[in-house]
Amino acid sequence: GCKSGSGFYLYDKSNKGQINPQIINMLKLDAPDRLTFENKEIVNRLILPMINEAVYCLDEDVISEPHAVDTAMIFGAGFPPYTGGLIRLGDTIGARQIVDRLDEFTDKFGVRFAPAGLLRKMAKLDAGFYNT
């Protein structure tokens, strides 16, 4: 859209960064505010499936140790180090909360959010990967 001056957003000097009203009409939305999500929902929809996939990898012996996931995510993928890594973050959030949110997302968005079996077991036992 930059080259033509419009696309999803308007790119002329006076409207830079504004949502193109034609797009809103094409999507049949009442107002641009319907395009927004709560920040927490965005984070959950991005991070919780990553945690879930890491648990699948651990459950299927693709990865042998939780710290290997955390190390790879921090040093290899640039995951925020203050979280301790993906699995450590999962332990901080708690398996039960992760499963509950993933179940909600499964109902809303489909099976791609279905929690791993190991994650469900951990939620029932109120267990984590790290003993702290």
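May I ask you to list the residues in region 100-117 that are closer than 15 Å to Met50 by Cβ and assigned to a helix (DSSP H, G or I)? So that I can check it myself, show each step before the final result.
Step one: filter region 100-117 for residues closer than 15 Å to Met50 by Cβ, giving 101-102, 105, 112-116.
The answer is Arg101, Leu102, Phe105, Arg112, Phe113.
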Quiz item: For Ile63, are the conditions met, namely being touching a Cys at 6+ places or on another chain (Cβ under 6 Å), open to solvent by 30 Å² or more (accessible area, probe 1.4 Å) and free of Cβ contacts under 8 Å to residues at least 60 places away in the same chain?
Solution: yes
Quiz item: open to solvent by 70 Å² or more (accessible area, probe 1.4 Å), closer than 25 Å to Phe105 by Cα, at pLDDT 95 or above and part of a helix (DSSP H, G or I): does that describe Arg34?
Solution: no
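The values are calculated or read from the model by the stated rules, or taken from the named source; none is laboratory data. Quick caveat, the model's predicted, so the values are computed rather than measured. We place every Cβ from the backbone using ideal geometry, glycine too, and count neighbours over all the protein chains shown. Just the protein is used for accessible areas: all its heavy atoms, side chains included, with ligands, DNA and RNA removed. Shrake-Rupley method; radii C 1.70, N 1.55, O 1.52, S 1.80 Å.
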